[in-house]
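One structure below.
The values are calculated or read from the model by the stated rules, or taken from the named source; none is laboratory data. Here the structure is a predicted model, which is why all the values come from computation and not from measurement. Glycine also receives a Cβ, built like all others from the backbone with ideal geometry; neighbour counts cover every protein chain displayed. Just so you know, the surface numbers come from the protein's heavy atoms only, side chains and all, with ligands and any DNA or RNA stripped out. Shrake-Rupley method; radii C 1.70, N 1.55, O 1.52, S 1.80 Å.
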Amino acid sequence: MIFAKKERFAGVVKQKKLFMLSLLLLMLTGCGMMDKASDALGNFSDEYGDDIMQAIDDLQNAEYQDGPFENELESAREYLLTQMQEKYGIEFSVAGREELKNYGPFHGATYFCEVSPVDAPEQIATAVVSQTDYQDVRDDYAIYYFEEDAVAPILTLCGTKDYVIDQRISLEMPETEKLWTAEDKLKQFLSESGAYVKLVLRFTDDLDMETYAEYLYDFLNSVDQLECNLLLQAKANKVYIFHEELDILDGFDASRYSVEGLKQEIETFLSMGAPK
């Protein structure tokens, strides 16, 4: 989310620069004066282009005023950790990567980091706050209230499939300002939070594509008994051969799959490389 926002802002800045430098050309060409417009744009760019670009850069680097924390790492870190403690009633500390990025005087600074409870450092979550849009911390710590119960049925399902020689299962969710607690119902959490289970299946190496397709076909026709959405991946020979989001809570229909179709999908997938 944060990185997509960075790219969008950088794109906007470039578009503004190009727009301002080409505006005069568009106005003059509308009058049928292409040559004069081209000369005018060149003169305009030579005389004012650097100043305009510098002004845009200065605007981008300007800071938002009156935010809940300063555009400074220590201030942002203290604010986020205080927000997490107030939200969950336990003390947190920074547990991994962190980043503070300024998006200018209108959107302000955004701070992202990995956190964990001081008394449970293994429970690493992501959290984000900003001076404007996300003044209430957004995080995914709630997965630790529900992960054990959410993954249990999937682990049981995998145990019934002889072709699954190993699996990796984790509960994932988007960062949210909503407070989920251990007292909330699992079904409500899975249907309302945007949470899903990421499941990576491991198959025996060096089998043919049709055999892998048969495995996937069988597994896909078994997931309708689950009560959560899945990000399903499969690996063999140390590479991914399948990657698909399964919206089980909203009309997932396994009948659209066939062994032949899955075989073609695996072949196409392998030609595209590993999932991002």
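The requirement of being crowded, with 18+ Cβ neighbours inside 10 Å, touching a residue at least 12 places away in the same chain (Cβ under 8 Å), among the small types (Gly, Ala, Ser) and not in a helix (DSSP H, G or I) is not satisfied by Ala150. So, Gln225, is that one closer than 20 Å to Leu190 by Cα, surrounded by fewer than 16 Cβ atoms within 10 Å (Cβ to Cβ) and out of contact with any Gly (no Cβ under 8 Å at 6 or more places or on another chain) or not? Answer is yes for this residue. Screening the candidates Gly261, Gly251, Gly194 for the property of being among the small types (Gly, Ala, Ser), more than 30 Å from Tyr88 (Cβ to Cβ) and within 25 Å of the chain's Cα centre (by Cα) yields one hit, Gly251.
The residues of the range 82-110 that are among the aromatic types (Phe, Trp, Tyr) and under 16 Å from Leu179 (Cα atoms), listed by number, are Tyr88, Phe92. Inside the range 101-146, residues that are at pLDDT below 95, assigned to a strand (DSSP E or B) and surrounded by fewer than 19 Cβ atoms within 10 Å (Cβ to Cβ) make up a count of 2.
State the number of residues belonging to the range 69-81 that are open to solvent by 50 Å² or more (accessible area, probe 1.4 Å) and either in contact with a strand residue (DSSP E or B) (Cβ under 9 Å, 6 or more places away or on another chain) or assigned to a strand (DSSP E or B) (or both). Adding up the residues that qualify gives 4. Would you be able to say whether some residue in the range 218-233 is over 27 Å from Gln83 (Cα atoms) and small (Gly, Ala, Ser)? Yes: one or more hits. For the range 234-249, residues that are under 13 Å from Tyr212 (Cα atoms) and open to solvent by less than 10 Å² (accessible area, probe 1.4 Å) total 4.
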